[in-house]
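None of the figures in this text is laboratory data; all of them are computed from the coordinates on show. These numbers come from a predicted model, not from an experiment. Backbone-built Cβ (ideal geometry, glycine too); neighbour counts: all protein chains shown.
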Amino acid sequence: MRAEEVRAVLESIGKRANKRLGQNLLLDDSVVKRQVGFADLSSKDTVLEIGPGLGNLTEALLKTGAKVVAVEQDAEFCRFLTRRFGERLQLVQADAVKAFLPEFNKVVSNLPYQISSPITFKLLDIGFDVAVLMLQREFAERMVAKPRSEEYGRLSVGVYYRADCEILLNVHPHAFWPQPKVDSCVVRLVPKKPPFEVKDKDAFFQVTKAIFSHRRKKIMNSLLSDPAVAPIIGSAEKGSLERLPYASKRAEELSPEMIGELTDALLELSASLERTAR
């Protein structure tokens, strides 16, 4: 669809694209074709699309022969999609962040940017074979960032631990209508077995969150500053925390493996102090 066609369709259904909901509609058919190709779809696949809008990507997904299930929050878009695709499309009207998602094994979606983080981790928690996602470029670069870079943070660690992530394509704002103010990227996520073991996965993610919430502080001070990790620290005081590995470093200096080592040492320290106190 061209921008004029999109405007005409929106006018016909009494609708305006809502930028607040991330309703920037992808117009570039060449980008759509490449997205679909990256997912390597066949009739054996069930592909999830989140936020299909007017269905440009949906149409391309259906042409692969895959079963397509779509989750769309906007009621007007849902009515339009039902008229356009009928029973060819399994459509759910819901907030994808909050809703129970239908069964799928692959994901191809142009995600509304404001839900990129919760949706990405929700999908990783559920599990899939491959996901091809259109994301804000800044977010995508944070997903693949390496230690000691400005973009490296909690998101980088969380994605590295759960999946292989690759930026496949940069997309200019001109590919959308209305045009977003930022560039976009298509990324591919493939879940993997964690590359290292930790004693407590929840504790690992909590420590990661704590140290990057205070990324300019040394690790020991970050841990002491964040009440969310108080149950993990237990009765440990600053003198004890100074003996932890990497205690004098800052979050961006630590690889995911080093954060895992730190978390395991912190759990052992807390358990040791608890045994001594008995």
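Given only helices, namely DSSP H runs of n ≥ 4 each adding -39500 (n - 2.57), what is the per-residue ellipticity at 222 nm of the chain, to the nearest 500 deg cm²/dmol? Let's see the in-between values first.
On the way: 12 runs with 117 residues, N = 278.
My calculation for the chain gives -12000 deg cm²/dmol from helical runs alone.
Between segment 38-105 and segment 125-178, the alpha-carbon centres lie 22 Å apart. Highest mean packing first, where packing is the average number of other Cβ atoms within 10 Å per residue, the peptides 24-37, 259-272 line up as 259-272, 24-37. One entry in (1) 63, 42, 41; (2) 57, 43, 35; (3) 71, 36, 29 is Cα extents along the principal axes in Å calculated from the shown coordinates; its label is (3).
Checking every one of the trypsin sites (Lys or Arg not before Pro) in segment 38-141 against DSSP loop status and a limit of 13 other Cβ atoms within 10 Å picks out LYS44, LYS98.
Within a straight-line Cα-Cα reach of under 18 Å, LYS193 can be paired with the following aspartates and glutamates, leaving aside sequence neighbours fewer than 8 residues apart in one chain: ASP125, ASP129, ASP164, GLU166, ASP202, GLU257, GLU261.
Over segment 201-277, what is the relative contact order in whole percent, taking alpha-carbon pairs under 8 Å and six or more residues apart?
The normalised contact order for segment 201-277 reaches 35 percent.
Across segment 115-130, coupling constants 3J(HN,Hα) worked out from phi with the 6.51/-1.76/1.60 Karplus curve, θ = phi - 60°, read 10, 4, 5, x, 5, 4, 6, 5, 4, 5, 5, 6, x, 6, 7, 7 Hz, and Gly and Pro carry x. Modelled this way, with points 7 Å down the Cα-to-C-beta line, the labels at SER255 and ARG243 are 2.7 nm from one another. Amide H contacts of LEU168: VAL186, VAL187, ARG188, each under 5 Å away and 5 or more positions distant or on a separate chain (H built 1.01 Å from N in the peptide plane; Pro and chain starts excluded).
Placing dummy labels 7 Å off each Cα toward the beta-carbon, the span from SER213 to SER149 is 2.6 nm. I'd like the orientation of helix 29-39 relative to the chain: the angle between its Cα long axis and the longest Cα principal axis, in ° from 0 to 90, rounded to 10. Rounded to the nearest ten degrees, it is 50. Legend: calculated FRET efficiency, SER30 to GLN179, from the Cβ-Cβ distance at R0 = 22 Å, rounded to 0.05, equals 0.85. Here's the list of lysines a cross-link from LYS181 could span, going by alpha-carbon distance under 23 Å and ignoring same-chain residues fewer than 8 apart: LYS15, LYS19.
Please report, in debye to the nearest 20, how large the charge dipole of the chain is about its Cα centre when each Lys and Arg carries +1 at its beta carbon and each Asp and Glu carries -1 there. Intermediate values should be presented prior to the final figure.
On the way: 41 positive and 37 negative charges, 72 e Å.
Using Cβ point charges on Lys, Arg, Asp and Glu, the chain gives about 340 debye.
Phi angles across segment 164-177 convert, under the Karplus curve 6.51 cos²θ - 1.76 cosθ + 1.60 with θ = phi - 60°, into 3J(HN,Hα) values of 7, 10, 9, 7, 9, 7, 8, 10, 6, x, 4, 6, 10, 9 Hz, Gly and Pro given as x. For segment 201-277, dividing the convex hull volume of the Cα atoms by the residue count gives 75 Å³ per residue.
For segment 137-278, what mean projected area does the convex hull of the alpha carbons give, in nm²?
9.7 nm²
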